[in-house]
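Working notes, structure below.
The values are calculated or read from the model by the stated rules, or taken from the named source; none is laboratory data. Just so it is clear, the structure is predicted and the values come from calculations on it, not from any experiment. Neighbour counts are summed over all protein chains in view; Cβ atoms, including those assigned to glycine, are modelled from backbone coordinates with ideal geometry. The protein model used for the area step is the full one, side chains on, heavy atoms only, and it has no ligands, DNA or RNA in it. Shrake-Rupley method; radii C 1.70, N 1.55, O 1.52, S 1.80 Å.
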Amino acid sequence: MEFQNLLDDIVGSIKPHLGEGNVANSIPELAAVEPNQFGISVATREGEVYSSGDSETPFSIQSISKVFALALVLACDGESIWKRVFREPSGNPFNSLVQLEHENGIPRNPFINAGALVVADRLLSVSAGETNGVLGLLRDESGNAVLQVDTGVAASESRHNHRNQALAHFLASCGNLDNPVDEVLDAYINQCAVSASCTDLALASRFLAANGARRDGAALLDPHQTKRINAMMVTCGTYDAAGEFAYRVGLPGKSGIGGGIIAVVPNNCAICVWSPRLGSSGNSIAGVAALDEFTSRTGLSIF
Ligand code: GLN
């Protein structure tokens with residue numbers, strides 16, 4: 001089936017799910033979004049884009065940014081980050097504190113908040129003066145030069161980030177941050193507060209479906225590094241719901257509490273879905289249902 005017809009069909013069939021779940025409220029500004037929106041975009045490896053629904057509406061990318069931050073650190077700095085972050089699924093909520101103390105300040109993986117703070121710290125250290133490398137990468141790969149940080153969302157998270165402050169101070173107490181805690185938190189909050197649409201994010205994620213090749217053909221990552229990011233998205237990208245996501249969708253995926261999810265069909269295409277209402281693990285309910293339908297109907301799954 002043609003992608004365009006399929007995406008239009010999904011927009012129709014997803015409607016019954018649009019009232020399920022609740023928008024994120026841990027960052028008050030995110031709760032202001034109109035909750036029943038849904039968008040989907042697919043960007044093929046070759047650069048064709050198919051979109052339907054609210055695919056051009058910018059939303060807060062939140063934890064989707066963690067994939068791009070990790071890609072930049074691997075690209076600039078190689079494998080040294082793995083001395084400071086593990087690569088195992090956590091089985092705990094994304095902002096959990098308990099595991100970090102048991103494991104002496106080494107976060108379980110780069111996609112839970114503790115791990116993403118360590119990655120943000122390393123990115124600050126290796127990107128000489130650049131405080132939001134993720135925004136630059138997203139602009140370049142999406143071709144949308146006007147992508148911005150939503151300063152209202154960033155300010156809202158800054159005022160309500162006691163948990164991330166606790167995680168960052170604990171990491172610092174274990175010697176696992178190089179930069180001052182406040183600078184790391186600012187960098188993390190600003191990468192999470194970038195606003196982008198489904199189409200922007202599908203295009204920006206295309207390197208994960210193209211063995212690490214950027215929009216201009218240059219290598220951001222080599223094929224092995226790309227394979228490894230995709231593997232971590234399978235095991236850790238949707239937190240303590242990664243098993244259910246693999247079962248239903250069967251693709252590498254990364255969610256954010258803004259309601260977006262990126263997913264990758266290696267060597268084929270990148271997909272972004274968005275709908276703001278979340279399930280208990282912080283993943284978009286309609287977004288997961290849409291990806292389930294996409295892979296069930298196309299057979300495009302890694303399994
Ligand atoms: N900025 C959010 C936080 O740190 C990101 C969480 C998410 O999207 N899962 O809590």
Does Ala263 satisfy being within 16 Å of Leu137 (Cβ to Cβ) and within 16 Å of the ligand (Cβ to nearest atom)?
no
Would you be able to tell me the number of residues in segment 163-182 that are within 16 Å of the ligand (Cβ to nearest atom) and free of Cβ contacts under 8 Å to residues at least 60 places away in the same chain?
5
Within segment 1-57, restricting to residues that are open to solvent by less than 30 Å² (accessible area, probe 1.4 Å) and within 16 Å of the ligand (Cβ to nearest atom), the one that is farthest from Gly212 (Cα to Cα) is Gly21
Pick from segment 121-142, criterion outside any helix (DSSP H, G or I) and away from the ligand (no atom under 15 Å from the Cβ), ranking: modelled with the lowest pLDDT
Gly129
Kindly evaluate Ala242 against the criterion of being surrounded by fewer than 23 Cβ atoms within 10 Å (Cβ to Cβ) and over 23 Å from Leu124 (Cβ atoms).
no
Quick count over segment 58-73, residues being of a type in the set (A, V, I, L, M), within 16 Å of the ligand (Cβ to nearest atom) and open to solvent by 20 Å² or more (accessible area, probe 1.4 Å), is 0
Scan (1) open to solvent by 60 Å² or more (accessible area, probe 1.4 Å); (2) within 16 Å of the ligand (Cβ to nearest atom) for the single condition Cys76 breaks and write down its number.
(2)
Kindly indicate the residue of segment 276-298 that is hydroxyl-bearing (Ser, Thr, Tyr) and more than 16 Å from the chain's Cα centre (by Cα) and also most open to solvent (accessible area, probe 1.4 Å) among those meeting that condition.
Ser280
Filter result (polar (S, T, N, Q) and under 21 Å from Phe3 (Cα atoms)) within segment 196-232
Ser197, Thr199, Ser205
Does Glu88 qualify as being at pLDDT below 95, away from the ligand (no atom under 16 Å from the Cβ), out of contact with any Pro (no Cβ under 7 Å at 6 or more places or on another chain) and among the acidic types (Asp, Glu)?
no
Checking the conditions here, which among Ala145, Ala154 is part of a helix (DSSP H, G or I), at pLDDT 95 or above and of a type in the set (A, V, I, L, M, F, W, C)?
Ala154
Which numbered condition Arg248 misses (of (1) within 28 Å of Ala145 (Cβ to Cβ); (2) more than 17 Å from the chain's Cα centre (by Cα); (3) among the basic types (Lys, Arg)):
(1)
